[in-house]
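Quick notes on the structure that follows.
The values are calculated or read from the model by the stated rules, or taken from the named source; none is laboratory data. Please read these numbers as outputs of a predicted model, since none were measured by experiment. Neighbour counts run over all protein chains shown; Cβ positions are idealised from the backbone, glycine included.
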Amino acid sequence: MPIHQKNWAGNTPFNAAQFHQPTTITDLQEIVQKADKVHVIGSRHCFNDIADTTGDLISLNNLNNQATIDHTQHTATVNAGITYRELCPQLHAAGYALPNMASLDHITVIGACMSATHGSGDTLGNLATVVSGLEIVTANGDVITLTRDKDDDPFLGAVVALGALGVVSKITLDLVPAFTIQQHVYQKLPMTHLYESFDAIMGAGYSVSLFPTWQKDHVESLWVKQQVTEDVSVAVPTTLFDASLVDGHLWDNPPDRQWTPMGTPGPWFERLPHFSFNNAEQEGNELQSEYFVARHHAVDALKAVANLREHMAPILSTSEIRSVAADKLWLSTAYGQDVIGIHFNWLKDWTGVKQFLPILEAELSPFNPRPHWGKLFAINPEQIQAAYPRMADFQSLTREFDPNGKFRNAYVDRYILGTA
Ligand SMILES: Cc1cc2nc3c(=O)[nH]c(=O)nc-3n(C[C@H](O)[C@H](O)[C@H](O)COP(=O)(O)OP(=O)(O)OC[C@H]3O[C@@H](n4cnc5c(N)ncnc54)[C@H](O)[C@@H]3O)c2cc1C
């Protein structure tokens with residue numbers, strides 16, 4: 001039985017005593033019922049100890065991954081541990097799509113939802129916002145369901161829940177009709193335009209990402225993904241805010257991944273992610289952090305980050321700036337407000353990154369940043385708890401669902417219950 005000893009990036013060990021890969025929900029119920037401490041791993045792509053446990057670590061990757069599509073409700077119900085890579089072609093073949101995706105499709109649907117994973121798009125919520133139902137194996141091994149329509153508050157607390165309420169065994173997702181995307185990259189977007197025309201730039205497509213390294217007076221590249229109706233390439237402007245259209249990709253494929261195609265239309269699930277790994281099991285060679293600030297703070301927050309140019313030069317590969325629409329999920333990083341995610345792809349130099357995070361966070365503190373739950377941050381638990389208006393309700397929900405702390409790990413104790 002393969003035992004995962006570390007996360008994908010290799011920077012966080014798993015301390016589990018046992019590892020399980022149940023093949024049925026009944027097996028899963030029995031494992032959960034017997035265990036003292038449980039957490040589930042998805043594809044292990046988080047960068048901190050969010051998925052760790054000292055007890056029983058479970059993977060759902062041996063459960064049936066056939067999606068059940070409801071053509072009346074326009075939903076899909078499936079094993080929550082399925083990856084987007086396995087799910088999306090099934091949806092597309094049935095004429096459906098998900099409105100948005102993260103930068104990669106190797107992650108599990110439930111791991112993404114539990115950590116409020118997102119893509120970009122001014123009108124697009126994070127990936128958890130399309131969840132309309134959850135089937136959960138609770139601490140005593142019972143199976144319960146929560147739906148958005150019937151359960152309101154507990155449901156809104158349970159979708160982004162860091163694995164703290166139980167094991168989500170099945171998930172129901174709202175679908176939209178399948179669509180086609182064409183993406184293009186522009187290079188050298190002047191910083192002055194970034195600051196003066198931020199909203200217009202982020203609104204230049206269905207999904208827009210900016211990649212600055214902060215070392216120049218321009219943003220190195222601007223990716224614009226637009227919906228197109230035909231399967232033939234659509235002509236696009238050769239300049240955008242004085243950034244120049246690139247023919248194909250600006251960057252060569254790195255050794256571990258391939259960028260998704262530029263300049264040609266293709267199905268949503270082959271264009272919304274930025275890349276796919278050549279070998280998803282290979283240990284990653286990067287670290288990541290990301291902070292979300294209210295959209296109205298975006299330009300001031302970006303200027304604050306730009307001030308730290310010299311600190312970042314030796315440790316940063318690139319940043320990515322994305323927009324995420326507001327939602328009502330209690331622990332969502334976009335709870336109650338449209339946000340901008342300011343993401344950092346660090347070199348694998350934890351010593352350097354660890355020293356810099358408090359400096360970066362101090363610079364962002366006037367904007368009340370919420371860190372990405374699955375990435376690296378140094379913000380103290382009190383500040384994190386204060387950033388979520390429904391935190392007290394989530395703490396109560398945790399105690400109600402899990403009175404004996406079966407699903408609590410060091411991360412949940414530290415950031416949610418404040419007892420570590
Ligand atoms: C190269 C790379 C690119 C990334 N790109 C993005 C991006 O574009 N956008 C973004 O927001 N993040 C991104 N991330 C961060 C990370 O991928 C996400 O947070 C991701 O969704 C984690 O999913 P996972 O399947 O790896 O979950 P894991 O890291 O394995 O687990 C995440 C959480 O989900 C819980 N969980 C897993 N399964 C269950 C279950 N069945 N029931 C209850 N809880 C469960 C775990 O216990 C843990 O708390 C990226 C990471 C990497 C390495």
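Across segment 399-420, which residue is farthest from Lys328 (Cα to Cα) among those that are in a helix (DSSP H, G or I) and of a type in the set (Asp, Glu)?
Looking at the filtered set, the residue picked out is Asp413.
The criterion of at least 2 residues that are modelled with pLDDT of 95 or more and either over 23 Å from Leu331 (Cβ atoms) or under 21 Å from the mean Cα position of the chain (by Cα) (or both) is met by the following strands (runs of 3 or more DSSP E) wholly inside segment 138-205: 167-174, 180-190.
Candidates Glu382, Glu361, Glu400: the one that is in contact with a Phe, Trp or Tyr (Cβ under 8 Å, 6 or more places away or on another chain) and more than 13 Å from the ligand (Cβ to nearest atom) is Glu361. The single residue among Glu281, Glu270, Glu286 that is of a type outside the set (A, V, I, L, M, F, W, C), touching a helix residue (DSSP H, G or I) at 6+ places or on another chain (Cβ under 9 Å) and within 26 Å of Cys46 (Cα to Cα) turns out to be Glu270. When the residues of segment 110-162 are narrowed to those that are within 8 Å of the ligand (Cβ to nearest atom) and among the aliphatic types (A, V, I, L, M), which ends up nearest to Ser396 (Cα to Cα)? The residue in question is Ala161. Taking the conditions exactly as written (within 12 Å of the ligand (Cβ to nearest atom) and not hydrophobic (A, V, I, L, M, F, W, C)), does Pro22 satisfy them or not? For Pro22, the condition - within 12 Å of the ligand (Cβ to nearest atom) and not hydrophobic (A, V, I, L, M, F, W, C) - is met. Between Ser103, Ser59, the distinction of being farther than 17 Å from Val167 by Cα and within 14 Å of the ligand (Cβ to nearest atom) belongs to Ser103 only.
One residue alone among Ile340, Ile321, Ile315 is buried (at least 16 other Cβ atoms within 10 Å of the Cβ), at pLDDT 95 or above and in contact with a Ser or Thr (Cβ under 6 Å, 6 or more places away or on another chain), and that residue is Ile340. Being out of contact with any Asp or Glu (no Cβ under 6 Å at 6 or more places or on another chain), exposed (fewer than 15 other Cβ atoms within 10 Å of the Cβ) and not in a helix (DSSP H, G or I): is that true of Pro366 here? For Pro366, the condition - out of contact with any Asp or Glu (no Cβ under 6 Å at 6 or more places or on another chain), exposed (fewer than 15 other Cβ atoms within 10 Å of the Cβ) and not in a helix (DSSP H, G or I) - is not met. Pairing each residue of segment 38-51 that is more than 6 Å from the ligand (Cβ to nearest atom) with any residue that is charged (D, E, K, R), provided the two are 6+ apart or on different chains, yields C-beta distances under 6 Å for Val38/Asp56; Val38/Lys406; Phe47/Lys375. Flag set for Ala178, criterion: surrounded by fewer than 23 Cβ atoms within 10 Å (Cβ to Cβ), of a type in the set (A, V, I, L, M), under 30 Å from His249 (Cβ atoms) and in contact (Cβ under 8 Å) with a residue 60 or more places away in the chain.
Scanning segment 375-398 for residues that are in a helix (DSSP H, G or I), over 27 Å from Lys354 (Cα atoms) and touching a helix residue (DSSP H, G or I) at 6+ places or on another chain (Cβ under 8 Å) gives Asp393, Phe394, Gln395, Leu397, Thr398. Close Cβ contacts (under 7 Å, 6 or more residues apart or on different chains) running from residues in segment 369-381 that are of a type in the set (Phe, Trp, Tyr) to residues that are within 12 Å of the ligand (Cβ to nearest atom) comprise Trp373/Ile50; Trp373/Ser115; Trp373/Ala116; Trp373/Leu162; Phe377/Ser289; Phe377/Pro371. Can you name the residue in segment 227-285 that is loosely packed, with under 12 Cβ neighbours inside 10 Å and among the acidic types (Asp, Glu) and, of all such residues, is farthest from Leu210 (Cα to Cα)? Checking each candidate, the answer is Glu281. When Gly266, Gly166 are checked against the criterion of being in contact (Cβ under 8 Å) with a residue 12 or more places away in the chain, among the small types (Gly, Ala, Ser) and under 20 Å from Cys88 (Cβ atoms), a single residue qualifies: Gly266.
Being hydroxyl-bearing (Ser, Thr, Tyr) and outside any helix (DSSP H, G or I) is the filter; apply it to segment 103-137 and report the residue that is nearest to Ala51 (Cα to Cα). Restricting to residues being hydroxyl-bearing (Ser, Thr, Tyr) and outside any helix (DSSP H, G or I), the top hit is Ser115. The residues listed here are Thr333, Thr318; of these, the one that is in a loop (DSSP other than H, G, I, E, B), in contact (Cβ under 8 Å) with a residue 12 or more places away in the chain, touching a strand residue (DSSP E or B) at 6+ places or on another chain (Cβ under 6 Å) and within 24 Å of Asn126 (Cβ to Cβ) is Thr333. The condition of being at positive phi and over 20 Å from the mean Cα position of the chain (by Cα) holds for His74.
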